[in-house]
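One structure below.
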Amino acid sequence: MKAIYSELKRVQVRPTAARVAVLKLFHDEPAAHDTVDQVFQALSGEMNYSLSSIYRALANLQEASLIVGSSVGSAKLVYELNRGEQHIHLVCTRCETIRDLRDPEFERQQARLAAAHGFHYQAYRHVLFGVCADCEPAPNAAVH
């Protein structure tokens with residue numbers, strides 16, 4: 001918990017109960033991609049946070065670059081811990097699971113293409129929609 005307070009202090013964000021709880025939630029599950037409602041539900045047993053408190057905490061933490069918000073289709077905004085590394089989101093259109101994909105070769109190719117056009121990017125956001133391996137039937141699976 002001390003690390004959470006130190007992190008908030010480093011970015012000069014006052015450690016309210018809601019901000020601490022939200023940031024701790026993302027630190028406890030660093031691969032999570034949660035909507036506002038999911039964060040609210042996850043914290044509902046801890047204290048009596050209002051939904052507006054959760055919205056404000058997420059906005060404050062995003063403004064401080066401690067978490068990142070990403071639109072992943074269907075007007076769905078998800079938040080995740082800002083680990084300081086770029087990645088692609090793979091979104092399954094069946095089960096709505098979101099997975100992170102980090103590929104150094106993709107990043108090199110992207111940088112090369114941008115440079116070829118005289119462009120130096122600072123960040124990127126890619127979302128690939130499809131069907132994950134868990135939802136895609138095996139090629140030889142019998143269909144009933």
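The values are calculated or read from the model by the stated rules, or taken from the named source; none is laboratory data. Note that the structure is a prediction, hence the values are computed from the model and not measured. For neighbour counting, all protein chains shown are included, and Cβ atoms are generated from backbone atoms with ideal geometry for every residue, glycine included.
For region 24-57, taking the residues that are within 20 Å of residue 7 (Cα to Cα) and of a type in the set (Phe, Trp, Tyr), the one that is surrounded by the fewest Cβ atoms within 10 Å (Cβ to Cβ) is identified as 55. List the number of the failed condition for residue 129; all other conditions in (1) touching a Leu at 6+ places or on another chain (Cβ under 9 Å); (2) in contact (Cβ under 8 Å) with a residue 12 or more places away in the chain; (3) within 30 Å of residue 19 (Cβ to Cβ); (4) not basic (Lys, Arg) hold. Residue 129 satisfies every listed condition except (3). When region 58-75 is limited to residues that are assigned to a helix (DSSP H, G or I) and without any contact (Cβ under 8 Å) to a residue 40 or more places away in the chain, the one that is surrounded by the most Cβ atoms within 10 Å (Cβ to Cβ) turns out to be 58. Here residue 78 fits the description: touching a Gly at 6+ places or on another chain (Cβ under 9 Å), under 17 Å from residue 101 (Cα atoms) and either assigned to a helix (DSSP H, G or I) or of a type outside the set (Lys, Arg) (or both). Just one residue in the set 46, 7 is at negative phi, touching a residue at least 24 places away in the same chain (Cβ under 8 Å), assigned by TED's automatic domain parsing to the domain that holds residue 76 and not in a loop (DSSP other than H, G, I, E, B); that residue is 7.
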